[in-house]
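One structure is given here, and the rest of the page talks about it.
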Amino acid sequence: MMGPSEAPEPVAGGVPAPTGAQWLAVRVRAGADRAAAMEALFAAGSMGVHEVGDELRTHFPEGTEPDVVRRAVLDAAPDATVSVEWAPAVDWSEAWKHGVAAHDLGALTISPPWLAAEHDPARTIVIEPGMAFGTGEHATTRGVIRLLPGHVAPGARVADLGAGSAVLSIAAAKLGAAWVAAIEIDAEAISNAEENVQRNGVADVVRVLQGDAATLLPLVAPVQLVLANIISSVLVPLLPTMADGLAPGGTAILSGILLEERTTMLDVLERHGWRVQAEDAEDAWWSVAIARS
């Protein structure tokens, strides 16, 4: 047991200095700024972020300054809470995979490549966890995919706004969509999305487009289905653009909405002329399928 005289020297921020080969373990609760916090973690040097409920978890190699990581996250997501501690050195390039599971969501399963062989390829979406949001580890992704089967008509045209890893675009293609626009503004997410589209054999259906959803949706309209897993503060201004982009009788599936925002969002949707078709809730998150009234 380490005696008082052997205790490690503290560093800025109150995190003890590492003893021996160790990694910096970081946990972030980011709330509505989850995507910004995740980008900040990758920009600070993380090689992989694991989402556990509303928490982001990652590790940095020895030599990383805890306060630099903490500052990067808080600059991107000011209301976040950041917890850091030193952990024994592990080969995280492999060990982190044990925390990524396959998710059976009824009509479809989301699986990382190393678990894909255990599942039916016709109904499995294989996603390489990477920088882009949308690995199946978050309740918002799962909520949309649980709602999808009842709203993708065979041969439908679909627009996926804020596509991230393109997981929802791939899901729509596997459920029978004939053409899907995976629209993503983040240039760093595009290559991951394109790789996932190729890996899942839907490159003849899904087109990955880089740009702003409000600009590109009118260019690919009309569509029968809009998918948007984006935070509510971004969703609400997009509602008129979605309404204009939908073909008559079309549907939009929204997610990225906190369950505590449900009542407020229902009022907003009603004021914008939408009616609710179906809902899904998991953990702190709410997803909803809507159509024009």
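The values are calculated or read from the model by the stated rules, or taken from the named source; none is laboratory data. Quick caveat, the model's predicted, so the values are computed rather than measured. So basically every Cβ, Gly included, is an ideal-geometry build from the backbone, and we count neighbours across all protein chains shown.
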Original post:
Is there a residue in segment 188-197 that is of a type outside the set (S, T, N, Q) and part of a loop (DSSP other than H, G, I, E, B)?
Top reply: no
Original post:
Considering GLY250, GLY162, which residue is under 25 Å from ALA43 (Cβ atoms) and assigned by TED's automatic domain parsing to the domain that holds ALA284?
Top reply: GLY162
**OP:** Please find, within segment 258-287, the residue that is surrounded by the most Cβ atoms within 10 Å (Cβ to Cβ) out of those that are in contact (Cβ under 8 Å) with a residue 40 or more places away in the chain, out of contact with any His (no Cβ under 9 Å at 6 or more places or on another chain) and aliphatic (A, V, I, L, M).
**Re:** LEU258
Original post:
Does GLU85 satisfy being at pLDDT 75 or above, under 24 Å from HIS119 (Cβ atoms), part of a strand (DSSP E or B) and assigned by TED's automatic domain parsing to the domain that holds GLN22?
Top reply: no
Subject >> Residue list for segment 110-127, restricted to those being part of a helix (DSSP H, G or I) and surrounded by fewer than 17 Cβ atoms within 10 Å (Cβ to Cβ) >> reply: PRO113, TRP114, LEU115, ALA117, GLU118, PRO121, ALA122, ARG123
Original post:
Among SER191, SER255, SER233, which is within 20 Å of the chain's Cα centre (by Cα), surrounded by fewer than 16 Cβ atoms within 10 Å (Cβ to Cβ), assigned by TED's automatic domain parsing to the domain that holds THR140 and closer than 26 Å to LEU105 by Cβ?
Top reply: SER191
Original post:
GLY31 passes all but one of (1) closer than 23 Å to PRO112 by Cα; (2) modelled with pLDDT under 85; which number fails?
Top reply: (1)
**OP:** Report yes if some residue within segment 149-171 is modelled with pLDDT of 85 or more, more than 27 Å from VAL234 (Cβ to Cβ), touching a strand residue (DSSP E or B) at 6+ places or on another chain (Cβ under 7 Å) and of a type in the set (Val, Ile, Thr); otherwise report no.
**Re:** no
**OP:** Name every residue in segment 137-165 that is surrounded by fewer than 23 Cβ atoms within 10 Å (Cβ to Cβ) and in a strand (DSSP E or B), in order of residue number.
**Re:** ARG157
